[in-house]
1. Go ahead and run the numbers for FRET between residue 78 and residue 49, Cβ-Cβ distance against an R0 of 35 Å, rounding to 0.05.
2. Determine, for region 2-72, the count of lysine pairs separated by eight or more sequence positions (or lying on different chains) whose alpha-carbon distance falls under 25 Å.
3. Placing one identical point scatterer on every Cα of the chain and ignoring solvent, what is log10 I(q)/I(0) from the Debye formula at q = 0.20 Å⁻¹?
Amino acid sequence: MIRAEVRISTRNKATSSALVSSVQPDNLNMKGLKVKGKALDRSASFTLEFGGKIETFIFTLDDLLRCLQAAKETLEKVSN
C-alpha cells in the first residue's frame with residue numbers, strides 16, 4: 001500500500017471546504033484508490049492510499065495537485 005498526505009494552506013474553513021468539494025467527484029472511479037479530504041480552519045488535508053503501481057500513484061497525485069492548484073487559484077480570484 002502506497003500512502004501520501006497533502007496539506008494546503010487556505011484563508012478560512014469555507015475555502016478549505018470548497019477545495020475538498022472541488023476534487024470529490026474525481027475520487028470515485030479508480031480501483032484501489034482511496035482519497036479522503038478534510039476541511040480544517042486554515043487548511044485542507046488529503047490522504048491518498050493506493051494498492052497499485054507506484055507510477056500510477058505518482059500520476060494520480062500529480063493530477064490531484066494540479067486540480068487543487070487550479071481550484072485554489074480560482075477561489076482566491078473570486079473572493080478578492
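Read the figures in this text as sums done on the coordinates, not as results from a lab. What you are looking at is a predicted structure, and each value in this text was computed from that prediction instead of being measured. With ideal geometry, Cβ positions are generated from the backbone for all residues, glycine too; neighbour counts draw on all protein chains shown.
1. 0.65
2. Taking the Cα cut-off of 25 Å, the pair count is 10.
3. At q = 0.20 Å⁻¹ the computed log10 ratios are -0.83.
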